[in-house]
Every structure is written in structure tokens, then in C-alpha cells.
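We did not get these values from a lab; they are worked out from the coordinates using the rules stated. Everything numeric in this text was worked out from a predicted model, so none of it was measured. So basically every Cβ, Gly included, is an ideal-geometry build from the backbone, and we count neighbours across all protein chains shown.
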Amino acid sequence: MIVEIGHFALVLAFALALVQSVLPVWGARSGDARLMATAGPSALGQFLFVAITAAALIHAHVVSDFSVVNVVENSHSLKPLLYKITGVWGNHEGSMLLWVAILALFGGLVAFFGGNLPASLKANVLAVQAWIASAFYLFILSTSNPFARISPAPIEGNDLNPVLQDIGLAIHPPLLYLGYVGFSIAFSFAVAALLDGRIDAAWARWVRPWSLAAWICLTLGIAMGSYWAYYTLGWGGWWFWDPVENASFMPWLAGTALLHSAIVMEKRDALKIWTILLAILTFSLSLLGTFLVRSGVLTSVHAFATDPARGVFILAILVLFIGGSLTLFAWRAPGLKPGGLFAPISREGALVFNNLFLTVGCAIVLVGTLYPLVYEMATGAKITVGPPYFNLVFGAFIAVLLAAVPFGPMLAWKRGDLLGAAERLWFAFALAAIVTIAIWWPSTGALLTALGIGLAVWVMAGAVVEWAMRIRLLRAPLGESLSRAWGLPGATWGMTLAHFGIGMAVLGIVSESSWNEERILAMKPGEVVTIGDYQVALDGMIPRKGENYAEEAAHLSIRRGGALVTYLEPSRRMFATRRMATSQTGIATFGFSQLYIALGETDKTGASAVRLYWKPLVTLIWLGPLIMALGGLASLLDRRRRIGAPVPARKPVSKGGGPKDSGPPAPAAPMAAE
Amino acid sequence: MVLWIVFAVMTAAAALIVIVPLNRARARATSGEEIRVYADQLDEVGRDRDRGVIGEREAEAARIEIARRLIRADQAATPAATLGGRSRNIATVAAIVLIPAAALGLYSKFGNPSLPDQPLADRKVEALDERSPEALIAMLDAQLAKNPDDVRGWDIAGPIYFRIGRLDDAAKAFANAIRLGGPSLPREIGLGQALMTTANGRVTPEAKAAFEAALRIEPAFPLARMYLALALSQDGHLAESAAAWKALVADGKPGDPWLYAAKRQLAGVEAAIAQAANPASPANPSSPGTDTKPTADETAPTVAPGPAPSGDATPSPDSQNMIEGMVTRLAERLDKDGGTAEDWGKLVRSYLVLGRKDAAKAAIEKAHAAFAQDQAALTAFDAILNELGAAR
């Protein structure tokens, strides 16, 4: 009965979404407050019913109800409880349900916390949410129903793909979807604003917390996914430019641009068209990612579904929403009132630069991701666009942006002073230059590495210098600096942390890619191998049994200068039901660096293939995003209004003849915001 | 019934979610939320100024800009009205009709209201014989996963996996049984057949090894000899293959189920030899070795002990030698290492087949001597002798 109640709740959620798609828009058009007022309760009701649906499916998985096809195909009675639960979204149908559940969650949150929104904006936003939701409910019900039944029920299930039987599955997809789907709110706000024809600084203020929350989750989700791939695949790689990874990275790039752009809009009433466009693009890229992963057009670890009917359906959703919103944009955007003016060299100008670079960077990834698909469609031949393309093109491009990052916060709103900013950054520049030369000098040839490390130091030092200036560190008594630091708004802390975090990530990436050591060899018990500063001895092999697998673990002792540091036990697990093996890597962290050991097959002579890696500063790759997300959180918790005080015209304004409403004082070469 | 009541309640709740706000007496009809944002921003400017985050001149410029936005927002704000009853009535009716209609319509298409939940814990009580074969196989899988050292389990699993087409698993099961319980005729034959079927009927070197192992246990076992003969022709050793088939046919007695297949194979191989010698002659439509795949009966992995080749057919000199060689080896092994009642029975039967009655008698006596201390084995041996019709 519980299964069918869950199924019925899903159908009811769809029915409510249909109602929510129509009534609020009708109300907003005709100015009827009561029709608009149905939006909030419908959104909350939708969430309630989807929650019932999700609970029913989780229940079916937990009690191993093999009369549900989804449970048969993805569960096993011997699977540990955690994986019975996480296995719910470790498959196509369940992950689509997670998708709509998070969509409904965000709709419910807007309904709940949206009391400060104008009624018509709220009604339109929730209606647009309901359009998206309706499309996906229909998709789930007609092509990917998680409640399909089978009778008579099999006695045992096929088990979950062993690669997915990991704590990563409990964290990565929900976080990633919170990010992906969270950007639907920004999308809905953008479409609602276009419908209403009114977009102003207040709009940006309302969108800010939603896009920020989505961005935090996406940042954490991507970092978590990367670390999961790193420790579970056994090859020490942490980013493969796999289309599935790109599918999550592209919305992140666009979403990052959106965040910056929305700040300008909230503070300065400028960059409106940029912001609307980025809101539409970000979610469009999320939809594209969903299409790439869920339709099965790719064949990778992530693509579980290979049903063309599904692909065509999602493609139709994709065309409808991206095409529809862009058409609406093209139609309504020219009618938007232009916002504040600013000079090219100004905080606004810097953020336009940032938007441009992030958007083009996103386009570079998009081309690299879609080109093989288009090529295959056109010629039938398969090609791959490998990491060299991405590393070279995207890397070089984004390096320019990173080099510019420290300048942005140094520039004043409206009209800035580039030379002054450069002067204030001399310390950061000197530090970066010293580090670059110190690395490059002893080892000629490693210029690129030295420049990369220098760039990372530059970004981090730039963030610290900006922060130090704000609290007048070393220029005022320490007490005053501390009290200033305490008084710094969360949003400012957020920026400093986020910019520092990206520098950390770059440091980790450059260090790991340049100084990574690798040994692959066959080891017999008793053998010792040296990697980095460590001696690794294979003490012996230990067979073990888990609940649903058998494993062969290698017991390795790690010594440094003869002194025992730690033990590692990487293993190979054999899963009987799916007859698949997975690798459990052994990782020891020393400072920010890691010793990474993966175990391969054992041959007849008793020698085991062992892959050892020494990865200097590798954890910074994930700690950086963690710090960035922390910065996002600091900004999210900052409930204050954001204002951007412009630098007034150079001539002091006399009391009597202050600037009237006659427009801003003309800066040199004024530049329209849009 | 309970289910439908729950559905009705849920549907009613969904409809009410829409209807209640539509008919609430005082719908919220405020406006001016933008104005509040800008007013807050103005306050924030003051606070920033007080804390010294921005200077007086910047604060003044910011105030002017925000005030400009505030005025614009104030002019744009139009209070939302609550219109009359018509649209509200349409919406209410739509909610009452559309929500249940859509929900029931879709559910009747996709739902299975008659299927109860079947959590596994409730189903363990099902009687064993009520279970489907799939269920039993799943139990077997689980049992073997739990106790991978269970010889009996592997012995049972091998033929079952083979029959349901899980050939890799079948081969693994037979190999595990051999590893854990030592070689036996059914295990070796099963392993060989599983390997061979996996290879689409090709007798791979591994399969060949298994059949040879089977012949070491039961030297005259026809099925193993057939597969080995097949292997010879598959490898292109046509003359040897023909000899092997001839020996088999010679050993067969009318009524043996495998005899017909063996004769056809022999004909095929001989035709192939003839064709190789004289390519001009019309080709045999069927190439040897592949045309007569072992029939379902022959490939059945549960190996019934083959009927003893009787002395009716006169074996060719070659095969006579081969058989005698095998029998001699068996006799030597039993003399040296001893053996089970079955082994001695095999030896006696072989001697009778070869027509060496004296040797058979001697073997019976030797066996009795060997089993003097073992009453159970003695009884078993006598039973075999009775079957053979061999008098003491």
C-alpha cells in the first residue's frame, strides 16, 4: 500500500503543478490577488506530496520490496542500510525523482520565505517553477516511473553498481542537484521579471540568496564529486574533463558570473541584461547537463540510462525551456530600463570583464563537450576531445581572468583608479614574483609550473591584501584592526574567502599536476618501495569479508626515514551479485599532501600490482572550494542590504548645488550598463 | 479499500490547498515591497557611514542614487486588486474537477492499486516449494556467496547454472567443486561442457583438459571420448579423429543413445578426409565437427554413468589396444593405491567387456581381499557385481 500511496502522491503533485502553472500567472496578468495567492499553498502542497513520494520509494528500498522494479534493478537484500537508502537516487528513475523533489523543495522555500516579495513576482516565479516541475513530472511518469511494479516479485535484486556503494553517493548527488536545480529559482525569477517587464535592484536583492545557496551547493557538490572520483577510481585523477563533469562545471561557471553580476545589479542597478541572461543561461546549462547525463547520449560511468525515448523527451524539455526563455528574453529585454552608468575602469567594469571571461570560458567547455557529439552525429565516427584541449584553451583563458581577480575589489564603484589599485597590490605582486623566481631558478624548464604557482600566490595574496586594507592592518593599532575585522560585513568576508579559496585550488592543481610522483609495480610481501620521502613496505595480504562483498586487502606500512608513520590497507573488493570488482584506495594525508596507494590484481606468483602516488598539496584542490563555499555561506548569512557607494565626481560638491536628479555626473567616457 | 480511502483523502487535501486561498476573505493585496528594499538600503548607507566603512561624500552619492530608485519604484507600484467572483469561481471549479480528474486519470494508467507491498521480511515465510525457480536460484546464489567453501552447494549449483544459461557461473561452480572436493566424473564433464558451450561448441584446451581428467577417472566414458574426438577434428587432426570415432562406434552397442551421433560424426570426418585427399569430389555439405553439435541429451551436465560398452561389437585392433591400455592402468592403480567399490566394479566390468573372464574373477577376489575390513564397501561391491550379473 505504501508503494501505491507514493505513486499516487506523485500523480497528485503533478496535478497540483498543473494548477500552479496556470492560476498564479492568470492572477498576475489580471491583477487578482486571490488567484496569485494560490501559488504559495500549491508550491507547499507540491513539496508535501513529492516528499511522500520520496519517502515511499526510500521505504520500498529499505524493506527490499522486490515487487518494485526500481528496487529489483538497483538493490539487494544484503546491501548495507546506508546504500539501500542512497541507492534510491543512484539510478535513473530515482535520481529524476530527487531532481523534482529538490525542485519542489525550492518552490516550497520560495513560498515559505517569499513573504517580502511583491505578490505578482512571487506568483510568476512559482508559476514558472511549476512549468519546469510539470515537464519533469510528466517525464518521470511516462518514461522513468520509479513505481513500476513486477508480479510475481523476484526474491532478490540485482544490487547497486558497486562503484556507487560509497558514502560519496550519499552526499554528492543531493548536493549537486541542490546546486543544479537551485539555479531554477534564478531562472524562474528572470522569466517572471521578463513577464512582468520590471527588473530593478530590488529584484537582484531577492534573487541573491537563492542563487548564492545554489552556488554553494554546486561548489561543494562538484568538489565532492571530484574527491569521490579521486579516491574511488584508483588512478589518482581528480578531474577528467569527462562530459558529465563538464555538465556540472558549466552551470558553475555561468552561476559564478551570475553571482557577480547580480551584486552589481543589487548595488548599482546596472548590468541588468547581463544578469537576466546569465540567470537563464545558468539553468539552461543545468538542463543541458541533465540531458547529457540522463538521456544516455554519453557513455560513461554516470550514464545509467540508455533509452532513446527518454533522451528525446528531455531534449524536448530542453528546447522548450531554453528556447522559450531566450525568445522571451529577446522580446522583452530591449524594453528594460537601462540602469546606472559607469566608466570602463571601475568595479562594474571589472565585473563585466569577469562575466565575459567566465561566459567565454563556459563556451570553451561547452564546445569541447558537445563537439564530439555533433561530430558523431554528422559523420558517425567517434572522437574524443581530450584534456589537452581543455587544459590548454580553458586553462590559458582562465589564467588571464585569475590574474585580474585581485584588481576587481581594489577598484571603486562607478569610476576606479587602475594605477592606484596596482600600487596597493605591490606586496602581493612582489610575493608572487619572488615565489615564481624561486621555483623557476633552480629548475629551469619548469617555467609554466613556476608561473602557475605564482598566479595562485598572487590571487591568494591579493585577497589577503584587500582584506588587510579594509581592516587597516599594520596601519592602525592592532586593536582597531581586530575590531574592524569583527565589524566586516559577511559579504566582504565572503568575497575574501572565495577569492582566497580559488587561489588555494589553483595552487593545489598546479602543484599536483607538476610534482605528482607515480610508481606502478608488482610487489611481493616483504618488498619495500620508496616514493616521495616515504618507504612503503608490503607486509602481506589479508582476505576479508564484508556484508555483500569479499575483499583482498594489502597491509602496507609507511615509514619515513626508517620511523613508522602509519599503515595503509588498500583493497580490491569483489561483489558477487554483479560480479564486479572495485578498488578501495589507501590514502594517508601529510599536511596538505597525500600518499595514495591503489591495489591491482594479484598474479600467480603472489605478486600484487600496486600503484603508488605522491601528491603534493593535492588536498588544496578540494579545500579551496570548501573555503569558497564557506565564503558563500558567510555572504548568505549576511542579512544586510548591499549598497555600492559610487565615487562622486572629482569636484567636491557644494552644499547648495548638489547633483540633482539630472543623471549622474558625466564620467570620462561614460559607458552604458547594458 | 483502505487504499482508495487514503487516495480520496489525499485528493481532497490537494484540491483544498488550491480552493482555500481562492476563497479566503482577505487575500493579501499589498504592494511596495521594492520600496521597502530601497528604504532598507538607505538605512544601510547610514549605518555604513556611522561605522566609517564609507565616507560622507560616498554616502551622500549613494543616498542620491538609491533615492532615485525609490522614487521610480514608488511611481511604478500599483496595488493589486481582488477581482470579483467570476474568475475565482472558474478557478475553484477547475481545482475541484481538474485535480481529481488528472490524478485519477494518470494513476489509472500507470498505477497498480491491486498489488500489495511485498517487503522481503514478510516473504521469507513463504514455503520453499511455493517459490519460483528464480527465487530458489537466488537463494542458492546467496547461500554460495555466504559459504564459498560449500562443496555440495557448488555441486548443486553447477548443473543449474548450466541449464539456465549462466555458463561462466556454471564453469566456476564446477571448477570450485573440483578445487574443494577433488575431481569426479560429473564435475569434470560438467566443467568441460560449460567451457565448451561458452566457446560456442569449440572444445577449448581447458575443456579438453577437463574431459581428459574425466577419462582418467572412467577410462571408457563415451561422452568424454566423443568430445575429445570432436576436439581432434576441430583442430584439424582428421585421421586421429576418425580413429577415435571408429573406436567409439566399435564400443557402442545397439540402443546406446550416443551411437547414432558418433556414427554421423565418423561419416562426416571420413568425408572430410576424402575431400581433402581428392578436392575435386563434391564437398560434403556439412563440415565435420560443427554439424552435429552434441544434442540436448548429450550436453546435459548431469552425467548418468554411461552404459557399459558390451562385448557385442568387435572393437578394431587399435581401439582394442587403447582400451586395454586404459584397463591395465586402472588395474595397476587399484593394486597400488586401492580404490572404492565403484572403482573395483569398473575394473571388473571392463574385464568382462574385454571378455577376460579370468582376469575379472581375479579382480573380484582382489577386491574382496581389499574390502575384508570394510563391510560397507563390501556390500556396495557385491551390489555392483549383482548388477553386472557377474557370479562370485
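Distant-in-sequence amide contacts of A:D417, defined by a placed amide H-H separation under 5 Å and a gap of 5 or more residues or a different chain, comprise A:A412. Fewest-first ordering of A:L617, A:L97 by other beta carbons within 10 Å of each residue's beta carbon gives A:L617, A:L97. Annotation: extensible slack from B:H368 through B:Y260 equals 35.0 nm (criterion: 0.36 nm per residue apart, minus Cα-Cα distance). Under the criterion of Cα pairs below 8 Å and six or more residues apart, the relative contact order for the stretch B:317-388 equals 31 percent. Remark on A:A576: its backbone amide H falls under 5 Å from those of A:A550, a criterion applied only to residues 5 or more positions apart or on other chains, H modelled at 1.01 Å from N.
Between the beta carbons of B:R163 and B:E212, assuming R0 = 35 Å, the FRET efficiency works out to 0.90 to the nearest 0.05.
Whole Å is fine, so just give me how far the alpha carbon centre of the stretch A:182-238 lies from that of the stretch A:379-423. Measuring centre to centre over Cα atoms gives 20 Å. Inter-label distance, B:D335 to B:R24: 10.6 nm, where each label sits 7 Å from its Cα along the C-beta direction. Near the amide H of A:G340, within less than 5 Å, lie the amide hydrogens of A:A270, all on another chain or at least 5 residues away, with H placed in the peptide plane. Shown for A:S184, A:S151: other C-beta atoms within 10 Å of each C-beta, ranked fewest to most, produce the order A:S151, A:S184. Take every pair of alpha-carbon atoms less than 8 Å apart whose residues are at least six positions apart; their mean separation over the length of chain A yields a relative contact order of 12 percent. Per-residue mean of foreign Cβ neighbours for A:575-587 is 1 (Cβ atoms of other chains, 10 Å radius).
Sum -39500 (n - 2.57) across every DSSP H segment of at least 4 residues in chain A, then divide by the residue count to get the 222 nm mean residue ellipticity, nearest 500.
-20000 deg cm²/dmol
Shown for A:M377, A:M541, A:M628: other C-beta atoms within 10 Å of each C-beta, ranked fewest to most, produce the order A:M377, A:M541, A:M628. Pairwise inverse Cα distances across chain A, averaged and inverted, put the Kirkwood hydrodynamic radius at 27.3 Å.
Here the Karplus curve 6.51 cos²θ - 1.76 cosθ + 1.60, taken at θ = phi - 60°, turns the phi angles of the stretch A:324-334 into couplings of x, 5, 5, 4, 4, 4, 4, 6, 9, 4, x Hz, with x standing for Gly and Pro. The mean number of Cβ atoms from other chains found within 10 Å of a Cβ in peptide B:91-104 is 4, as a whole number. Cα centroids of the stretch A:321-346 and the stretch A:33-51: 30 Å apart. Per-peptide packing, taken as the mean over residues of other Cβ atoms within 10 Å, places A:605-616, A:254-265 in the sequence A:254-265, A:605-616 from highest down. Once the Cβ-Cβ distance of A:R29 and A:L392 is raised to the sixth power relative to R0 = 41 Å, the FRET efficiency obtained is 0.20.
By the rule of a C-alpha distance below 20 Å, with chain neighbours fewer than 8 residues away ignored, the lysines paired with A:K604 are A:K524, B:K172.
Considering only B:L259, B:A142, B:V203, and ranking their Cα positions along the charge dipole of the stretch B:134-299 that arises from unit charges at the beta-carbon of Lys, Arg, Asp and Glu, the one farthest toward the positive end is B:L259.
For the stretch A:77-142, taking Cα atoms only, Rg and Dmax work out to 15.7, 53 Å respectively.
Summary of the geometry: the stretch A:557-628 and the stretch B:132-171, compared by the centres of their Cα atoms, lie 35 Å apart.
Computed from backbone phi with θ = phi - 60° and the Karplus coefficients 6.51, -1.76 and 1.60, the 3J(HN,Hα) list for the stretch B:195-200 is 4, 5, 5, 4, 8, 6 Hz; x is used for glycine and proline.
Multiply the residue separation of B:S114 and B:A8 by 0.36 nm, subtract the distance between their alpha-carbon atoms, and state the gained length in nm to one decimal. Working shown, then result.
Details: separation 106, 0.36 × 106 = 38.16 nm, distance 1.61 nm.
36.6 nm is the gain from fully extending B:S114 to B:A8.
A simple spin-label model places pseudo-atoms 7 Å from Cα toward Cβ; at A:V528 and B:K357 they are separated by 7.9 nm.
Would you tell me the mean number of C-beta atoms belonging to other protein chains that fall within 10 Å of each C-beta in A:40-46, as a whole number? Walk me through the numbers before you get to the answer.
Values: counts 3, 8, 5, 1, 1, 7, 2.
Counting Cβ atoms of other protein chains within 10 Å of each residue's Cβ and averaging gives 4.
Subtracting the Cα-Cα distance of A:W235 and A:L82 from 0.36 nm times their residue separation leaves 52.5 nm of extension gain. The label point for A:S557 and the one for A:W426, both projected 7 Å from the Cα toward the Cβ, are 5.7 nm apart. Between A:A446 and A:L521, the C-beta separation translates, for a Förster distance of 22 Å, into a calculated FRET efficiency of about 0.25. Sequence-ordered 3J(HN,Hα) estimates for the stretch B:327-336 from the Karplus curve with 6.51, -1.76 and 1.60 and θ = phi - 60° stand at 5, 4, 4, 4, 4, 4, 4, 5, 4, 6 Hz, glycine and proline given as x.
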